[in-house]
Amino acid sequence: MKLLLTKDEEQRLLDFKHDMHMHPELPHQEYETTKKIRAFLETIPGVEILSLQKDLTGVTARIHGQKNSVAGAADITEVGLRADIDAIAQTESWDSPYRSQNPGVMHACGHDFHTASLLGAAMLLSKYADEWSGTVDLLFQEAEETTDGAKEMLDAGLLDVIHPQMFFGMHNRPEVEAGKVVCHTGGLMACKTNFHITINGLGGHGGNPHLCVDPIVCAAAIIQSLQTVVSRNTNPLESVVMTVGSIHGGSLENVVADQVKMTASIRALSEEAKAKAVSRMEEIVCGTAKAYDCQAEIEYREVLPLVYNSPQMCALAKKAATAAVGEENVADAEPTMASEDFSLIMAQVPSFFFWVGSGTPGETHYAWHSENFHTDDSAIRSAAVTMAQAALHALEESKC
């Protein structure tokens, strides 16, 4: 089935995207964005807006195909599509007519692009509803940037309200030419564990260090030693990143502190490599603290699984992308050590995560979260058609 957006339909999506870009909202604060998404969906014939068990930002909806079909036992009858909707605390520097009007907040990761693309997919699914059967769920997810939005929506009964047998997500990729669709097999975006380390010592006068137990010295040794998690405990052919992002301790130059707090994260492109790195981190922190006569506490704050595209899901995704943009525009790209909370959905439902190129040829491709980040919005058409085709291929292929 060939899916086409008219010029007027594309312009509606561009207008929505530009308005959303000018009015970005932070995670869990996407109130106006949510209202605008609902209002747009209400103009699309056949779209039903759903309610979760808890009142959250974001929108869940669905649309039914109108083609008569007798479902078999093995048929896929319900497929989910997801986009994220929040912005980040960043001041926009890129000069355009659609620059953020909300000081200190901008869509520096392209969630406005994703939202417009999923709205476009909904338009296409409605427009061609007589040619397909089944149900497509539409998830406009809150708070991806804080990587707790997917969990909140799952905890609010998302998968009790919708029952997709497959799910597809999508993210723009500025390093890839606009309109190309990346279908990568294997690990695509890193699993991660964020944790807080507390080192407790015994404070006192800086002139009497022998009467104190200095947690700052201990913390310095821990930071140095943690670098060996990657350099000496990880297979050089595997991707692992160990980062100590903050350290807080002490107040005056002549006082030995009682306590030091650090925040850190471990990211990897395999769950096994991350598990080994986490285990080694625990041994280093606790062992070093003991050697320095301190006590260590480790508190795990966030754990995200790997964004992993199975070979089976990738084969299906490639067929959909080829139908959407042509074989010449289906590409591959290197994975990233950034993380994505769509992985929490992937852990429960067979899923695939697309990248859609958003970089303009000949321009500098500013990375996600750059103050100069921007998307080539001509790629919204490619993203919308790809997402719609992914749903339709999943529904149709299971019947073959």
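Here are the numbers:
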read-out	value
Under 19 Å from the Cα of Lys318 - lysines, other chains or at least 8 residues apart	Lys2, Lys180, Lys399
Relative contact order of region 138-257, defined on C-alpha pairs under 8 angstrom at six or more residues apart (%)	22
Area projected by the alpha carbon convex hull of region 296-400, averaged over all directions, nm²	9.8
Phi-based couplings in Hz for region 52-58 (Karplus 6.51, -1.76, 1.60; Gly and Pro marked x)	8, 6, 10, 7, 10, 6, x
Per-residue [θ]222 nm for the chain (sum of -39500 (n - 2.57) over DSSP H runs n ≥ 4, rounded to 500)	-10000 deg cm²/dmol
Debye, to nearest 20: dipole size of region 74-166, +1 on Lys, Arg Cβ, -1 on Asp, Glu Cβ	260
Rounded tilt (10° steps) of 271-291 against the dominant C-alpha axis of the chain	20
Label of the coordinate-derived value, Cα Rg over 2.2 N^0.38 Å, listed as [x] 1.11; [y] 0.95; [z] 1.04	[x]
0 to 90° range, to nearest 10: angle between helix 311-325 axis and the chain longest Cα axis	50
Karplus-derived 3J(HN,Hα), 6.51/-1.76/1.60, for each residue of region 390-398, Hz, glycine and proline x	4, 5, 5, 5, 4, 5, 7, 5, 5
Relative contact order (%) - region 286-400, alpha-carbon pairs under 8 angstrom, separation at least six	32
Lys290-Met337 FRET efficiency (beta carbon distance; Förster radius 45 Å; 0.05 resolution)	0.90
Estimated FRET transfer efficiency (Ser96, Asn254; beta-carbon r; R0 51 Å; 0.05)	0.45
Packing rank of 149-160, 77-88, 359-370, where each peptide gets the mean count of other beta carbons within 10 Å, highest leading	77-88, 149-160, 359-370
Using alpha-carbon coordinates, inclination of helix 215-226 to the longest axis of the chain, degrees	50
Computed lengthening from His369 to Arg38, 0.36 nm per intervening residue step minus Cα-Cα distance	116.5 nm
Full-stretch length increase - Glu397, Ile216 - with 0.36 nm per residue and alpha-carbon distance subtracted	59.2 nm
In Hz, Karplus ³J(HN,Hα) per residue of region 336-351 (6.51, -1.76, 1.60; θ = phi - 60°; x = Gly, Pro)	10, 8, 5, 10, 8, 7, 4, 4, 5, 6, 4, 5, 10, 9, x, 9
Average Cα contact separation per residue, the chain, under 8 Å, 6 or more apart, as relative contact order %	25
Point-to-point label distance, Leu4-Glu282, nm (Cα→Cβ direction, 7 Å offset)	6.0
Between region 272-299 and region 101-156, the Cα center-to-center distance that results, in Å	39
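Quick note: the coordinates plus some simple rules give every number you see, no bench work behind them. Please read all numbers here as calculations on a predicted model, not as lab measurements. For neighbour counting, all protein chains shown are included, and Cβ atoms are generated from backbone atoms with ideal geometry for every residue, glycine included.
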